[in-house]
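Data block below; observations after.
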Amino acid sequence: PPLYKQRYEFVKDLVRKYKPKKVADLGCADCTLLWMLKFCNCIEVLAGLDICAAVMKEKMHRLTPLPADYLEPSERSLTVTLLQGSVAHKDPCMLGFDLVTCIELIEHLQESELEKFPEVVFGFMAPSMVVISTPNSEFNTLLPGVTVFRHPDHKFEWDRAQFQSWAQDTAKRYDYSVEFTGVGNPPAGMEDVGFCTQIGVFVKKYSQTREPVQCEKPTEAAYKTVFKAVY
Ligand code: SAM
């Protein structure tokens, strides 16, 4: 399967395993992952955030309940919300989530946004689990035609050491553990380059000994709701 599908399947597998009730996808773009996750019965709240309202609206109709959803209402309730805003800003509507996914998002962030990102996601939103995927630049030599970055909008592409050191620093600071994996296997004989997409899975620790990182909890909204459906 294409790489983007492997990334979405990776998230779906995590959802099947950990059964989060509230899932937020940051940098959700055309909402394909959200659309896939709406079929996971454990989920009761799904939220998508993107800085670009137009891209979210492209295929947003897929998130609208179908007649069958009303004719045969299911036991679970499901609320799907799409929000326009930046991961550099805190909004109280993002509190209380079990899983936050950031698939191919961080490499699109400006330096100033990337600096704020850990505090917003890990410090403020502070979900039980965070999944971050990003290109592994060590794989680029195997991709035909890639000279600098895989996509012109990428602000950076990290090798495994760079991503892992950023992730470990972030995990330590906000009291999470992190494990690394990926999708997109290298061809036989080239295993040294690692996965095409590198993934960090962060899990919040529940230690009593450490003070939580001090963090202001704003009550004012920073995001704009562009879509809401209640199933
Ligand atoms: N997660 C999707 C996927 O895997 O197919 C889309 C990834 S797309 C490569 C990156 C997305 O991040 C774009 O839709 C872009 O608009 C969004 N984005 C960029 N900067 C952002 C920011 N500061 N806050 C929220 N979203 C942002």
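The values are calculated or read from the model by the stated rules, or taken from the named source; none is laboratory data. In this text, all values refer to a predicted model and were calculated from it rather than measured experimentally. Here the Cβ is made from the backbone with ideal geometry for all residues, glycine too, and neighbour counts use every protein chain on show. For accessibility, only protein heavy atoms count, side chains too; no ligands or nucleic acids. Shrake-Rupley method; radii C 1.70, N 1.55, O 1.52, S 1.80 Å.
In a reduced charge model with +1 at each Lys and Arg Cβ and -1 at each Asp and Glu Cβ, the chain shows a dipole moment near 640 debye about its Cα centre. The modelled label-to-label distance between T141 and A53, using points 7 Å beyond Cα along the C-beta direction, is 4.7 nm. Have a look at K12, K172, K21 and tell me which one the Gaussian network model of the chain (Cα, springs below 10 Å) gives the largest fluctuation. Maximum among the listed residues: K172. For D169, the accessible surface of its heavy atoms amounts to roughly 100 Å² (probe 1.4 Å, protein chains only, rounded to the nearest 10). Annotation: the antiparallel percentage among DSSP beta bridges lying fully within the chain is about 50. Checked against a 21 Å cut-off, the cross-linked pairs K19/K57; K5/K59; K19/K205; K17/K38; K57/K224 give Cα-Cα distances beyond that limit for K19/K57.
Here the accessible area of the chain is 54 percent carbon and sulfur, with a 1.4 angstrom probe and all protein chains present. Mean residue ellipticity, 222 nm, helices only, the chain: the sum of -39500 (n - 2.57) across DSSP H runs of n ≥ 4, divided by residue count and rounded to 500, is -7000 deg cm²/dmol.
The per residue volume of the convex hull around the alpha-carbon atoms of the chain is 142 Å³.
Quick check for you: with a 1.4 Å probe and neighbouring chains kept, what is the accessible area per residue of segment 1-145, in Å²? Write down the numbers at each step before the final one.
Values: 6400 Å² over 145 residues.
Heavy-atom accessible area per residue stands at 44 Å².
Model label sites at C42 and L71, defined 7 Å from Cα along the beta-carbon direction, differ in position by 3.1 nm. Using the Karplus relation 6.51 cos²θ - 1.76 cosθ + 1.60 with θ = phi - 60°, the per-residue 3J(HN,Hα) values for segment 57-71 come to 6, 3, 10, 4, 4, 5, 8, 6, x, 8, x, 4, 5, 8, 5 Hz, with x marking Gly and Pro.
Placing R0 at 45 angstrom, the Cβ-Cβ distance between E111 and K21 gives a FRET efficiency of 0.85 after rounding to 0.05. Taking amide H as placed 1.01 Å from N in the peptide plane, the amide H of V226 sits under 5 Å from that of L82, L83, Q84, each at least 5 places away or on another chain.
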